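Here the structure is laid out as structure tokens; the discussion comes afterwards.
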Amino acid sequence: MTTDSHANETQRTRNKRGLIVLIALAVLTVVEFFVAIWFEGVLQLTLLGVSAVLKALLIAHYFMHWRQVLDHIPDIAAGDADVVED
């Protein structure tokens, strides 16, 4: 019973984190919209660039599991990682 409770809590935590990432991406998109309307020139490009980088980092970290990849870089460099080749 404890395992089920723990598994449910883990799933709830994942769902909550996913919702936070989704909201953050939506907020950044709205910010980009207003930056595109209100600003011009270098400032506009800079703000849009920063927003794009933040969105890319959020997507890479959450949806592409970069944290797990980064944890295995030493194994890959040492040749100890199990790599599946086609």
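Taking segment 10-42 and a reference point 7 angstrom along Cα→Cβ of D71, the backbone N atoms nearer than 16 Å belong to 10-11, 14. The modelled label-to-label distance between L54 and L22, using points 7 Å beyond Cα along the C-beta direction, is 2.0 nm.
Rule-based calculations on the coordinates, nothing more; no lab input. Values in this document were obtained by computation on a predicted structure and should not be read as measured data. Quick reminder, even Gly has a Cβ in these numbers, built from the backbone with ideal geometry, and neighbours come from all protein chains shown.
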